[in-house]
Amino acid sequence: MSRKTPGLRVLFVDDEAALRAIIAEQLPALGHQVVVCADGTEALKELQQGAFDIAIVDLRMPGLSGWDVAEHIRRYAPDTDIVIHTAHGDVDSVVRALRMRVFDFLPKPCDFVELEHLLARCTEKRRLQNRLLALESELQAVRGRTLLVGETPVMCQVRQLIERVAPTDCNVLIQGETGTGKELAARLIHELSERRDQPFVPVNCGAIAENLVESELFGHARGAFTGAEAARKGLLEVAHGGTLFLDELGELDKAMQVKLLRFLESGEIRRVGDNKAFHVDVRVVCATNRDLKQMVEQGQFREDLFFRINTFVIQLPPLRLRTDDIQRLAEHLLKRGSGRRNYELTPEALDCLRRYHWPGNVRELANVLEHARILSRDGCIRAEDLPNWLTGHTADSNAIDDAFKQWLDAQPRTLKDIERFVIEHTLQRNDCDKRRTAEQLGIALKTLYNRLNSYRELRDTA
């Protein structure tokens, strides 16, 4: 059974009380939310308090005319579609409506069959708009269905869990180190669900500035803050009917954790600067590489939010625990990134890949193979085509261990001292490439920057 398309938020403005009463009764029966207003002034107040998908406006009303309301909508709520409801359509009105990019005309007296068709067209239009706004998800469709490559028992178990939970609307928490494929798992959950024809919207919570997270997720009203010249949809609204993927959930501050919990409990959002909440139908899939349970114990993560998102947990294994999948993964990644050309791994190159410990997991493997693909001249990837730091890793690992032991034995060390040694040594080994260092250490890039800044401050005060 296919999933029902989410309804619209409708503003209906008309000075006929009997018609307003009928609309207020009929549209909810069709699955839509509706607010009825008797005049333009009342309509402007509703527009200031909340967001609407479509506004059906009578042209001739006492006080503000339908054109005044339409002008206000076009200027301050450009995401709202406008329908002119009138018994006085003429050429001048049509021309003016075209210039205002009005969605359609609805003649008086109101024909409810025609109104239902009009709302259906608006629903389809908004569905397509949301799909465009979530364009990143469609790029994956060009490459084909999302695949979690691997035939080891642990990966087969992961796929079985995804297939069981995908058809439900259950909250899912995906755990795993950086680069293990948490977003791929979330995409597969979406593609196997009833929401597959609606948007999949990925959000990296760690990549958004703290002062912008609320606006990005919930949207904002015009004038909500400096620079907010027009109302803007949040990503929760963009994902209406589909799936929102919150990656690096542990990076959210406590204030945003409260707002996210409120949404998960009520299904309602309120744009920044708006007084009125409205309902959106979104499935939320979360992911993190951090230990949320430990964060709860340390007071860094809300316990009630943890229990809310912890309904169904999928643990993705690190690549070092499924080395039997490396050949299959490498072949898949080379095929995906090479277009029509076929690349093959020599036994020596494959042996190097299998002996490496892959702190950056599948993402690091993809980067290594891209490096090798560029250096390969004949479609055959040899050990010498792999990065030097990888092929030399096994050779110098004993030297690294000896250096660490000498440093550790020199004097008593704290856990923070050891963490700093590992971070600075890994950064040096990667020629100060911070992104690769963060991937190998299994931490967020922002976390690495924070650690390095704290070390710099310690040196400055020493």
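Which of the following residues is assigned by TED's automatic domain parsing to the domain that holds residue 206, among the charged types (D, E, K, R) and either in a loop (DSSP other than H, G, I, E, B) or touching a His at 6+ places or on another chain (Cβ under 7 Å) (or both): 290, 308?
290
Within segment 229-248, is there a residue that is surrounded by fewer than 19 Cβ atoms within 10 Å (Cβ to Cβ), acidic (Asp, Glu) and more than 17 Å from the chain's Cα centre (by Cα)?
The answer is yes, given that some residue of segment 229-248 is surrounded by fewer than 19 Cβ atoms within 10 Å (Cβ to Cβ), acidic (Asp, Glu) and more than 17 Å from the chain's Cα centre (by Cα).
Report, by residue number, each residue of segment 323-354 that is among the charged types (D, E, K, R) and either free of Cβ contacts under 8 Å to residues at least 60 places away in the same chain or buried (at least 17 other Cβ atoms within 10 Å of the Cβ) (or both).
Those that are among the charged types (D, E, K, R) and either free of Cβ contacts under 8 Å to residues at least 60 places away in the same chain or buried (at least 17 other Cβ atoms within 10 Å of the Cβ) (or both): 325, 331, 335, 340, 341, 344, 348, 351, 354.
Let me spell it out: the conditions are (1) surrounded by 17 or more Cβ atoms within 10 Å (Cβ to Cβ); (2) within 19 Å of residue 49 (Cα to Cα), and residue 268 meets all of them except one. Which number is the exception?
For residue 268, the failing item is (1).
I'd like to verify a number: residues in segment 148-168 that are not in a loop (DSSP other than H, G, I, E, B) and not hydrophobic (A, V, I, L, M, F, W, C), how many?
Qualifying residue count, segment 148-168: 6.
Looking only at segment 19-60, count how many residues are part of a loop (DSSP other than H, G, I, E, B) and touching a Gly at 6+ places or on another chain (Cβ under 6 Å).
4
Among what's in segment 355-397 and is more than 19 Å from residue 439 (Cβ to Cβ), of a type in the set (D, E, K, R) and in a helix (DSSP H, G or I), pick the residue that is modelled with the lowest pLDDT.
Per the stated criteria, the residue is 396.
Please find, among 73, 54, the residue that is in contact with a helix residue (DSSP H, G or I) (Cβ under 7 Å, 6 or more places away or on another chain), within 19 Å of residue 120 (Cα to Cα), of a type outside the set (S, T, N, Q) and crowded, with 19+ Cβ neighbours inside 10 Å.
That would be 54, the only listed residue that is in contact with a helix residue (DSSP H, G or I) (Cβ under 7 Å, 6 or more places away or on another chain), within 19 Å of residue 120 (Cα to Cα), of a type outside the set (S, T, N, Q) and crowded, with 19+ Cβ neighbours inside 10 Å.
Do we have any residue at all in segment 305-313 that's of a type in the set (Lys, Arg) and at pLDDT below 90?
Initially, segment 305-313 is screened for residues of a type in the set (Lys, Arg), giving 308.
Narrowing the set further to residues that are at pLDDT below 90 leaves none.
Checked against the condition, which is being of a type in the set (Lys, Arg) and at pLDDT below 90, segment 305-313 yields no hits at all.
When the residues of segment 65-120 are filtered to those that are basic (Lys, Arg) and either assigned to a loop (DSSP other than H, G, I, E, B) or over 23 Å from residue 234 (Cα atoms) (or both), which remaining residue is modelled with the highest pLDDT? It would help to see each step written out before you state the result.
At the first step, the residues of segment 65-120 found to be basic (Lys, Arg) are 74-75, 96, 99, 101, 108.
Retained after the next criterion (residues that are either assigned to a loop (DSSP other than H, G, I, E, B) or over 23 Å from residue 234 (Cα atoms) (or both)): 96, 99, 101, 108.
Numbers: 96: 72, 99: 73, 101: 75, 108: 78.
In this case the residue turns out to be 108.
Find the residue count for segment 169-196, including only residues that are part of a helix (DSSP H, G or I) and among the charged types (D, E, K, R).
Qualifying residue count for the region: 4.
The values are calculated or read from the model by the stated rules, or taken from the named source; none is laboratory data. This is a predicted model, so every value here is computed, not measured. Positions of Cβ are backbone-derived with ideal geometry, glycine not excepted, and every protein chain shown enters the neighbour counts.
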